[in-house]
1. Can you compute the radius of gyration and Dmax for the chain, using only the Cα atoms, both in Å?
2. On the accessible surface of the chain, probed at 1.4 Å, how many percent belong to carbon and sulfur atoms?
3. By per-residue mean of other Cβ atoms within 10 Å, what is the highest-first order of 185-191, 61-67?
4. Between Met1 and Lys152, take the C-beta separation as r, use R0 = 22 Å, and let me know the FRET efficiency to the nearest 0.05.
5. What are the residues whose amide H is under 5 Å from the amide H of Tyr5, where those residues sit 5 or more places off or on another chain and H is modelled from the backbone?
6. When the helix-only estimate is applied to the chain (DSSP H runs of n ≥ 4, each -39,500 (n - 2.57), divided by the residue count), what is the mean residue ellipticity at 222 nm, nearest 500 deg cm²/dmol?
7. Accessible area per residue, 1.4 Å probe, Å², for the chain: what's the number?
8. What fraction of the DSSP beta bridges in the chain is antiparallel, stated in percent and rounded to the nearest 5?
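The values are calculated or read from the model by the stated rules, or taken from the named source; none is laboratory data. In this text the structure is predicted, and so the values were computed from the model without any measurement. Note: ideal-geometry Cβ built from the backbone for every residue, glycine included; neighbour counts use all protein chains shown. Areas reflect the complete protein model, heavy atoms only, side chains present, ligands, DNA and RNA absent. Shrake-Rupley method; radii C 1.70, N 1.55, O 1.52, S 1.80 Å.
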Amino acid sequence: MINIYNKDCIEGMKDCKDESFDVCITSPPYNLGNNHHTGNKRFEVYDDNLNENEYQQNQVNVLNELYRIIKKDGCVFYNHKNRIKNGFQISPYDWILKTKWKVKQEIVWVNRSQNFDKIRFYPFTERIYWLTKQNKTKFYNNVNLSDVNYWKPVGTKGEHKRAFPLRLPTDLLKCFPKNIKVIDIYLGSGTTAIASHNLGCNFIGYEKDKHYYEMAKKRIDNNIRQLRIL
């Protein structure tokens, strides 16, 4: 069962019962500013420019609400990056360590960003923080992943510039039992939903941006139709 909602994630999670999900795989907006670029490509303006303190507090609030709805032996895979703002690095640890979560492991995703500014060493990686409530989860690394991975980044026909590849959530979900309940609180273009459907997981996702919600809905519907044909 796949259910997605055009709704802010904080509001959406209020409708969820305590400890009702096994796994969350998600990636929030990075708060890079309204005018950002990768290599020579400048992206369209959209709302991604909160005051940094406000952004970090928002992420603390979101992660703590997520803590409420994840099972005791469940976990979160939280994709973010070390950002450069005003010439200095800001680490996601600045707010993750203020939440209720424990960091089980930090996974390095080598996606080879096209940021070639000569004023620093080129930032070719992002992070996936594996967050848990306790030291044990229902996890078995049967895909033999290491803590450094080279999932090739993708977009959605030039529309969604920060989509992660289908293989990323697919590989992560393969490490858990079948028929688990998955959530993505920043649905984006729907990649985690598609991976969940392909592996037979139940899924709920939230996306407050109407354009991305419609994009995700279309991708998910197309994926479901294709699997029915096969």
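1. 17.0, 52
2. The computed percentage sits at 49.
3. Numbers: 185-191: 26.4, 61-67: 18.1.
Ranked from most to least packed, the peptides come out as 185-191, 61-67.
4. 0.15
5. The answer is Gly205, Tyr206, Glu207.
6. Details: 6 runs with 62 residues, N = 230.
Roughly -8000 deg cm²/dmol at 222 nm, from the helical runs in the chain.
7. Values: 12680 Å² over 230 residues.
Using a 1.4 Å probe on heavy atoms only, each residue of the chain averages 55 Å².
8. Details: 19 of 36 bridges.
In the chain, DSSP labels about 55 percent of beta bridges as antiparallel.
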